[in-house]
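Coordinate-derived values only; no laboratory data. None of the values given here were measured: they were computed from a predicted structure. Note that each Cβ is placed from the backbone with ideal geometry, even for glycine, and that neighbours are counted across all protein chains shown.
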Amino acid sequence: MALEDDALACIELAFAEMPFTADDLHFMGEALAFARIAFSEREVPIGAVVVREGKMIGRGRNRREFLADPTHHAEIEAIREAARSAGTWHLDGATLYATVEPCAMCAGAAVNARLARIVYGCTDPKAGYCGTLGDIPRDRRLNHRCEVEGGLLAEESAELLRLFFRARR
Ligand code: ZN
């Protein structure tokens, strides 16, 4: 019984320390919906959205296979749409939600777009550059930095990837 109470206290503490809001949860859910579309298209299931002032201004999913384009990651698609819809490359104040930790290219794009914040789901031990293999968005030598918070709906994002790679084997 005491053990269960301890476990519960741990869970509550973990949630209390999470820097996420109800909006974050909502928009990560949207990013996950795009990851599921990618899954249905036989692409590695990763989705992303860009949000500014509470509005979703960019959406993206990985479409590398279909477009035969190595740069067509979900985050790039979402950032491009956001810039088009904002009419400027300068997306200050915006947040990028990505179901998986962004790679070096996408983290670089986030810095170049002057995004305020990156929120991601699961970490990527083979390509993640927002704290795992390196940390482009928080590199103090760069002329702009983004806040980074990972781990939101991480299990859902990771499970989608597991299902995808299991089905491909
Ligand atoms: Zn990427």
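Some observations on this one:
- Amide H contacts under 5 Å for Glu147, placed H, 5+ residues apart: Arg117, Ile118
- ³J(HN,Hα), Karplus 6.51/-1.76/1.60, whole Hz, each residue of the range 55-66, x for Gly, Pro: 10, 7, 10, x, 9, x, 9, 5, 9, 4, 5, 4
- Sum of -39500 (n - 2.57) over DSSP H runs of 4+, divided by residues of the chain (222 nm, nearest 500): -14000 deg cm²/dmol
- Shape index of the chain: Rg/Rh, with Rg the Cα radius of gyration and Rh the Kirkwood radius from the inverse mean 1/r over Cα pairs, equals 1.00.
- Residue exposure proxy: Ser157, Ser40, Ser85, ordered by other Cβ atoms within 10 angstrom of their Cβ from fewest to most, comes out as Ser40, Ser85, Ser157.
- Taking the DSSP beta bridges with both ends in the chain, the antiparallel portion is around 55 percent.
- Ranked list, fewest to most other Cβ atoms within 10 Å of each Cβ, for Glu159, Glu101, Glu149: Glu159, Glu149, Glu101
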